[in-house]
1. Quick one: which residue in T49, T19 is in contact (Cβ under 8 Å) with a residue 24 or more places away in the chain, touching a strand residue (DSSP E or B) at 6+ places or on another chain (Cβ under 7 Å) and closer than 20 Å to N131 by Cα?
2. Can you say whether L41 is within 19 Å of A118 (Cβ to Cβ), surrounded by 11 or more Cβ atoms within 10 Å (Cβ to Cβ) and aliphatic (A, V, I, L, M), as far as the supplied structure shows?
3. Just give me the residues in the stretch 67-88 being without any contact (Cβ under 8 Å) to a residue 12 or more places away in the chain and either surrounded by 14 or more Cβ atoms within 10 Å (Cβ to Cβ) or part of a helix (DSSP H, G or I) (or both), in sequence order.
4. Residues in the stretch 24-33 that are surrounded by fewer than 17 Cβ atoms within 10 Å (Cβ to Cβ) and part of a strand (DSSP E or B): how many?
5. Considering (1) among the acidic types (D, E); (2) under 21 Å from Q130 (Cβ atoms); (3) loosely packed, with under 13 Cβ neighbours inside 10 Å, say which one D36 fails and leave the rest.
6. Looking at (1) over 18 Å from E122 (Cα atoms); (2) in contact with a strand residue (DSSP E or B) (Cβ under 9 Å, 6 or more places away or on another chain); (3) aliphatic (A, V, I, L, M), can you tell me which one A74 breaks?
7. For V54, state whether it is assigned to a strand (DSSP E or B) and within 16 Å of R90 (Cβ to Cβ).
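The values are calculated or read from the model by the stated rules, or taken from the named source; none is laboratory data. Everything numeric here is computed off the predicted structure, so don't read it as measured data. So basically every Cβ, Gly included, is an ideal-geometry build from the backbone, and we count neighbours across all protein chains shown.
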Amino acid sequence: MGRILAIDFGTKRTGIAVTDELQIIASGLTTVNTKDLLIFLTDYIKKETVELFVIGEPKQKDNTASESEKFIKAFIVKLQKTIPSIPIKRVDERFTSKMAFQTMIDSGLKKNQRKNKALIDEISATLILQNYLYSK
């Protein structure tokens, strides 16, 4: 069984989370510059078996697509061309950034640490992955 890798796509930074090989636990992996994302993913799948990409789907409160969806769709086209062997699932990512920030507060991180946007992106990717695992 391979890992599931979740992507919290952003135009500048992208949070990455993965499951263990049994697909039970979701853990934050890293945050990468979005311009390097395809290179990172290509390198990662050379080292680890990944059976699915889960990509956040940002929506407005009224369930319409957010403005960033056009960038995500363009990325997905590139991802499918670069790594066609791994399927992609989309997961609603509404409120994950707010939940990530609250998680940081609840875990006792100091105010300076909570300003780390890369950490927020990584935690958001983990929340997206957890949501997917719960829905399976």
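1. Among T49, T19, only T19 is in contact (Cβ under 8 Å) with a residue 24 or more places away in the chain, touching a strand residue (DSSP E or B) at 6+ places or on another chain (Cβ under 7 Å) and closer than 20 Å to N131 by Cα.
2. Yes: the conditions hold for L41.
3. K70, K73, A74, V77, Q80, K81
4. First pass over the stretch 24-33, keeping only residues surrounded by fewer than 17 Cβ atoms within 10 Å (Cβ to Cβ): 24-25, 27, 30, 33.
Now restrict to residues that are part of a strand (DSSP E or B): 27, 30, 33.
Within the stretch 24-33, residues that are surrounded by fewer than 17 Cβ atoms within 10 Å (Cβ to Cβ) and part of a strand (DSSP E or B) number 3.
5. (2)
6. (2)
7. Spelling it out, V54 is indeed assigned to a strand (DSSP E or B) and within 16 Å of R90 (Cβ to Cβ).
Per-residue answers, yes or no, for (1) touching an Asp or Glu at 6+ places or on another chain (Cβ under 8 Å); (2) β-branched (V, I, T); (3) modelled with pLDDT of 80 or more; (4) farther than 23 Å from K12 by Cβ:
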{"site": "I25", "(1), (2), (3), (4)": "no, yes, yes, yes"}
{"site": "N33", "(1), (2), (3), (4)": "no, no, yes, no"}
{"site": "V54", "(1), (2), (3), (4)": "no, yes, yes, no"}
{"site": "K61", "(1), (2), (3), (4)": "no, no, no, yes"}
{"site": "F75", "(1), (2), (3), (4)": "no, no, yes, no"}
{"site": "I105", "(1), (2), (3), (4)": "no, yes, no, yes"}
{"site": "K111", "(1), (2), (3), (4)": "no, no, no, no"}
{"site": "L119", "(1), (2), (3), (4)": "no, no, no, no"}
{"site": "S135", "(1), (2), (3), (4)": "no, no, yes, yes"}
